[in-house]
Amino acid sequence: MRKTIPILALLIVFFSLDAQKMLTVSDAVLKQRTTLAPEKLLQLSWMGSTTSYAYIDNKENIPTLFTADAKTNQPKVVMTLPEFNTLLKGKGLKEAKEFPLLKWSTANLCAFEKEGKLITVDITAKSITSTVDLPVLSENAENIDKAGNGNYAFTVNNNLYVNVSDKNVQVSTDGSDNLVYGKSVHREEFGIYKGTFWSPDGKALAFYRMDQSKVTTYPIMEIGDRPAGARMIKYPMAGDSSHFVTVGVYNCDTKATVYLKTGTPREQYLTNVAWSPDTKHIYIAVINRDQNHLKFNSYNAITGDFEKTLFEEKDEKYVQPMNIMEFVPGKPDQFIWQSERDGYKQVYLYDITGKMIKQLTKGNWVVTATNGFDTKGENLFFTSTIESGITRHLCKVNLKSGKTEQITSGTGTHTALVSADGAYLLDHMQSLDVPREQSVYACADKKKTFVLKNAENPLKDYALGKLSIFTIKAADGVTPLYARQFLPINFDSTKKYPTLVYLYGGPNAQMVNNTWNGGGDLWFQYMAEQGYVIFTVDSRGSENRGKAFEQVTFRNLGVEETKDQLEGVKYLKSKRWVDADNMIIYGWSFGGFMTTNIMVKHPDIFKVGIAGGPVINWKYYEVMYTERYMDTPQANPEGYKNSDLTLYANNLNGRLLMIHGTEDPVVVWQHSLLFLKSCVDKGKLLDYYVYPGHEHNVLGKDRANLYDKITDYIFLHTKK
């Protein structure tokens, strides 16, 4: 019997592993955010300004709307999707395949848009109380922005329109390729994501006007025509002329437009546009082209006159404001501002004269988001890295005392919605070990009540590699760097495994997080099933670790980041189970730059490289991003020369696959074509693959084809 038990145990292990599912490339790529994503309750949200909340659960495969009050957390069924559809059919509307996005005004009333109507439902009476026709905007309307009072702003081509009292009014008439109204500007840097800004009362609209007449015209190849043609875009390259941006204010009552007198020079950045609560003033962070000097200015919203500079920020390298000011409820003379001025992104309290009242948050961690105030404006809620750089927690700070409290618990990544009175949180949490939890927190005693606990893991039946997160030292020998590692299934430390290094390494990105699957793609688990080690390290220069950590790459992109990535390689080579003769490096965009950079400057490390959408020469990249980190080519010729990868193509030793979308408007196709030409000129063989019609990322169904190509290339050139 003693001999039989171990044999039986081994057989059980063998058959259990054999019975486990294996991922396909298509499943890993196309299903990771759908059927292979962790279970969750949909539309978990507060019901207006109450402490009641609602969510949709696919209970017994029947989508069902539930509500509960945070004080008791006793859920009750409101209606199923079939019952909801009965209401729709009663009003002559089509059935819905799923619940539409519900917007709650009270604990009883919610509204949604369907078939050109705004429909309001009373869930207590289980009846549709009103159906109101939505304004008819142009069929070509884009950038639609709705004000609180029901007015709309939108663009058609490059002109701006508003819809007031169900009438469309054309605000600008001279929009063109050179003159753009109501759209995002500055290549969506500085946190800019839109081009219109309604006043609090919805009666006036601030908007961007962008003059691109001095910006270089750039061709994007379009192969669908016969013969093929070029779609011309405006693309300001580093060191060249940029666009001239102004801010207009349209008055819906008078139908008049004034422009804010933001002054000279023409080539400056107007960011973080915000209205005062009384709608009399507009505030803008004005940044010089060198991006090392910020003036936070106030303008008269009626006349457009410059009023005053509230404060200034300077940095010897660069400033990077990403968030608008936020006024304190009930105190229209106070606002908060987020800044990295003390070395970490923190929150500051100001009065409207520009006097700093106090620094509200402080520590060797960063505020990653603000989550609103309580009703009285006594406390500000925010998300931060207060526990570690790879986690996120919801905290609050008292504006009077400055006392900071961490509310959420459990190591992982928390994303929360705060109730209007600030008494409760609706929290979404995930970690390496927890697919998802959704909870209600009482802020007073931090008591947590689960709404969804131990979400079903959709990968529970799959063979998965062991995932871990740890730290290694940066090249400076001091700074800890977060690293993520997947080990192959059935890992045997006496064997050697081919190893894939996946990297990004650039600004404004973080690859390693304490989230489900470590923030990585499910394709990494597929590769672990195929017997590969997968490794990623966030080198210095990446975000959410403080200003010094991020700015170390200034004027020399690709230098310090590469040193840190090589420390990752050193760690891997110290492991006897890493096959140092079969190492692969793969990255996209900045990661494509880093991949190519390492392949040509350290050619004997990686046998295989895959570089997607790579920057090859920074003087061919856009003004706003490049000049922040590199200055201009004229001011920093040595930095640009060192990072021009065409000059190093002769060093290419391993197999390098370069991939590019032919209609990429971000890292234009010219980058990889220049590197390809350099390889041809120097007699080097480069494997090159393009995706016709795709932009910077290969999305949709073709993404599976992309990863089939990448996987096939790795298998072809490495020993398993």
Quick check on this structure: which one of Asp278, Asp290, Asp225 is assigned to a loop (DSSP other than H, G, I, E, B) and under 30 Å from Ser165 (Cβ atoms)? Asp278
Yes or no: the range 550-567 includes at least one residue that is at pLDDT 95 or above, aromatic (Phe, Trp, Tyr) and assigned to a helix (DSSP H, G or I). no
Residues of the range 665-720 being among the basic types (Lys, Arg), touching a residue at least 40 places away in the same chain (Cβ under 8 Å) and under 29 Å from Ile233 (Cα atoms), in sequence order, are Lys701, Arg703
Does any residue of the range 441-448 turn out to be in the same structural domain as Arg392 (by TED's automatic domain parsing), among the basic types (Lys, Arg), in contact with a strand residue (DSSP E or B) (Cβ under 6 Å, 6 or more places away or on another chain) and not in a loop (DSSP other than H, G, I, E, B)? yes
Condition first: within 23 Å of Gly248 (Cβ to Cβ), over 29 Å from the mean Cα position of the chain (by Cα) and not in a loop (DSSP other than H, G, I, E, B). Can you find one or more residues in the range 309-323 that meet it? yes
Selected residue (only one of Ser401, Ser384 is at pLDDT 95 or above, among the small types (Gly, Ala, Ser) and crowded, with 21+ Cβ neighbours inside 10 Å): Ser384
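So that you can scan it fast, the table gives a plain yes or no per residue for (1) under 29 Å from the mean Cα position of the chain (by Cα); (2) buried (at least 20 other Cβ atoms within 10 Å of the Cβ); (3) outside any strand (DSSP E or B):
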site	(1), (2), (3)
Leu467	yes, no, no
Gly477	no, no, yes
Ala483	yes, yes, no
Ile489	no, no, yes
Asp492	no, no, yes
Thr499	yes, yes, no
Gly506	yes, yes, yes
Asn513	yes, yes, yes
The helices (runs of 4 or more DSSP H) lying entirely within the range 592-711 that contain at least 2 residues which are more than 29 Å from the chain's Cα centre (by Cα) are 637-642, 670-681
Across the range 591-620, what is the total count of residues that are surrounded by fewer than 24 Cβ atoms within 10 Å (Cβ to Cβ) and of a type in the set (Ser, Thr, Tyr)? 1
Mind checking whether some residue in the range 147-159 is in contact (Cβ under 8 Å) with a residue 12 or more places away in the chain, assigned to a strand (DSSP E or B) and surrounded by fewer than 21 Cβ atoms within 10 Å (Cβ to Cβ)? yes
Working only within the range 151-171, note down all residues that are modelled with pLDDT under 95 and under 29 Å from Phe84 (Cβ atoms). Asp166
Checking Thr34 against (1) within 21 Å of Asn454 (Cβ to Cβ); (2) in contact with a strand residue (DSSP E or B) (Cβ under 9 Å, 6 or more places away or on another chain), which test does it fail? (2)
Of the residues in the range 530-547, those that are surrounded by fewer than 21 Cβ atoms within 10 Å (Cβ to Cβ) and more than 22 Å from the chain's Cα centre (by Cα) number 2
Go through the residues of the range 623-633 one by one and say whether even a single one is surrounded by 19 or more Cβ atoms within 10 Å (Cβ to Cβ), within 19 Å of Gly558 (Cβ to Cβ) and of a type in the set (Lys, Arg). yes
Quick one: in the range 324-376, of everything that is basic (Lys, Arg) and under 24 Å from the mean Cα position of the chain (by Cα), which residue is nearest to Gly541 (Cα to Cα)? Lys345
Which ones in the range 704-716 are out of contact with any Phe, Trp or Tyr (no Cβ under 7 Å at 6 or more places or on another chain) and either surrounded by fewer than 17 Cβ atoms within 10 Å (Cβ to Cβ) or of a type in the set (Ser, Thr, Tyr) (or both)? Asn705, Asp708, Thr711, Asp712, Tyr713, Phe715, Leu716
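Here is a yes/no grid of residues against (1) modelled with pLDDT under 95; (2) surrounded by 18 or more Cβ atoms within 10 Å (Cβ to Cβ):
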site	(1), (2)
Ser241	no, no
Thr254	no, no
Arg266	yes, no
Leu270	no, yes
Ser276	no, yes
Residues in the range 201-216: is at least one surrounded by fewer than 15 Cβ atoms within 10 Å (Cβ to Cβ), more than 27 Å from Asn508 (Cβ to Cβ) and among the β-branched types (Val, Ile, Thr)? no
Return yes when Val245 is surrounded by 17 or more Cβ atoms within 10 Å (Cβ to Cβ), touching an Asp or Glu at 6+ places or on another chain (Cβ under 8 Å), of a type in the set (A, V, I, L, M, F, W, C) and within 30 Å of Asp201 (Cβ to Cβ) and no when it is not. yes
Expected output for the range 169-190 (first residue in the same structural domain as Lys234 (by TED's automatic domain parsing), partner assigned to a helix (DSSP H, G or I), Cβ below 8 Å, 6+ apart or cross-chain) is His186/Met624; Arg187/Val623; Arg187/Met624; Arg187/Tyr625; Glu189/Met624; Glu189/Tyr625; Glu189/Arg628; Phe190/Met624
Name the single residue, out of those in the range 228-239 being assigned to a strand (DSSP E or B) and in contact with an Asp or Glu (Cβ under 6 Å, 6 or more places away or on another chain), that is modelled with the highest pLDDT. Arg231
(1) free of Cβ contacts under 8 Å to residues at least 60 places away in the same chain; (2) under 20 Å from Trp523 (Cα atoms) all hold for Met79 apart from (2)
Of the residues in the range 394-403, those that are under 29 Å from the mean Cα position of the chain (by Cα) and either small (Gly, Ala, Ser) or within 21 Å of Asn514 (Cβ to Cβ) (or both) number 2
Could you identify the single residue in Lys448, Lys396 that is at pLDDT 95 or above, under 29 Å from Tyr348 (Cβ atoms) and basic (Lys, Arg)? Lys396
Can you pull out the residues in the range 321-342 that are among the aromatic types (Phe, Trp, Tyr) and closer than 18 Å to His293 by Cβ? Trp337
Subset of the range 90-121 (residues that are of a type in the set (Gly, Ala, Ser) and either surrounded by 13 or more Cβ atoms within 10 Å (Cβ to Cβ) or touching a residue at least 24 places away in the same chain (Cβ under 8 Å) (or both)): Gly90, Ala96, Ser105, Ala107, Ala111
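The values are calculated or read from the model by the stated rules, or taken from the named source; none is laboratory data. Quick caveat: nothing in here was measured; it's all calculated off a predicted structure. With ideal geometry, Cβ positions are generated from the backbone for all residues, glycine too; neighbour counts draw on all protein chains shown.
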